[in-house]
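Peer 1: Below you will find the structure I want to go over with you.
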Amino acid sequence: MYCTRDFAEKRTYYIHNSNSEVLSVNDKPTIALTGATGFLGSHLMASLLTSGYKIIILGRPSKEETLQERIFKLLRWFGIEESASLLTFVEIDFLKPLLGILKQIT
């Protein structure tokens, strides 16, 4: 596994290269994205989704909403709710060992 730079539409994307079927759909790589609930991250997410990329959203829930609920609000705001099927959600916590992901995997 390694990362490469792919220049597209004057943006730089870091892409995970793998032969794994899980990480590729329609010859487009899956993108892991943090910051999707922020201004820049949400616009990047919307742009990638409308281009047909699958995205793994890494983020945290708020006190009132899960990560998935936060992202669905953004999808409705952008008017791209139908793209939700291209998303996978992984709640992370930078203060926990292994980002707190281990409990979600086991």
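Peer 1: Look through segment 84-106, keep the residues that are outside any helix (DSSP H, G or I) and open to solvent by 80 Å² or more (accessible area, probe 1.4 Å), and return whichever of them is nearest to Ile31 (Cα to Cα).
Peer 2: Kept after step one, since they are outside any helix (DSSP H, G or I), are these residues of segment 84-106: 87-96, 101, 106.
Narrowing the set further to residues that are open to solvent by 80 Å² or more (accessible area, probe 1.4 Å) leaves 94-96, 106.
Numbers: Phe94: 19, Leu95: 23, Lys96: 23, Thr106: 23 Å.
My answer is Phe94.
Peer 1: A further question on this structure: Could you say whether any residue in segment 10-26 is of a type in the set (Val, Ile, Thr), at pLDDT 95 or above and in a helix (DSSP H, G or I)? Can you show your working first?
Peer 2: Within segment 10-26, the subset of a type in the set (Val, Ile, Thr) is 12, 15, 22, 25.
When the remaining residues are screened for being at pLDDT 95 or above, the result is none.
There is no residue in segment 10-26 that is of a type in the set (Val, Ile, Thr), at pLDDT 95 or above and in a helix (DSSP H, G or I).
Peer 1: Sticking with this structure for a sec: In segment 31-83, which residues are among the small types (Gly, Ala, Ser), open to solvent by less than 40 Å² (accessible area, probe 1.4 Å) and under 23 Å from Leu99 (Cβ atoms)? Reasoning before the result, please.
Peer 2: Pass one, segment 31-83, residues among the small types (Gly, Ala, Ser): 32, 35-36, 38, 41-42, 46-47, 51-52, 59, 62, 79, 83.
With the extra rule that they be open to solvent by less than 40 Å² (accessible area, probe 1.4 Å), the set shrinks to 36, 38, 41-42, 46-47, 52, 59, 62, 83.
Scanning segment 31-83 gives Ala36, Gly38, Gly41, Ser42, Gly59, Ser62.
Peer 1: Right, here's the next one. In segment 42-62, is there at least one residue being within 14 Å of the chain's Cα centre (by Cα), hydroxyl-bearing (Ser, Thr, Tyr) and not in a helix (DSSP H, G or I)?
Peer 2: The answer is yes, given that some residue of segment 42-62 is within 14 Å of the chain's Cα centre (by Cα), hydroxyl-bearing (Ser, Thr, Tyr) and not in a helix (DSSP H, G or I).
Peer 1: Right, here's the next one. Quick check, is Tyr2 under 23 Å from Phe94 (Cβ atoms), open to solvent by 30 Å² or more (accessible area, probe 1.4 Å) and at pLDDT below 95? Show your work before the answer.
Peer 2: Numbers: under 23 Å from Phe94 (Cβ atoms): no; open to solvent by 30 Å² or more (accessible area, probe 1.4 Å): yes; at pLDDT below 95: yes.
When the stated conditions are applied, Tyr2 does not pass them.
The values are calculated or read from the model by the stated rules, or taken from the named source; none is laboratory data. Because the structure is predicted, anything quoted here is derived from the model rather than measured. FYI the Cβ positions are ideal-geometry reconstructions off the backbone, even for glycines, and counts take in every protein chain you see. For the accessible areas, the whole protein counts, side chains as well, though only heavy atoms, and no ligand, DNA or RNA atoms are used. Shrake-Rupley method; radii C 1.70, N 1.55, O 1.52, S 1.80 Å.
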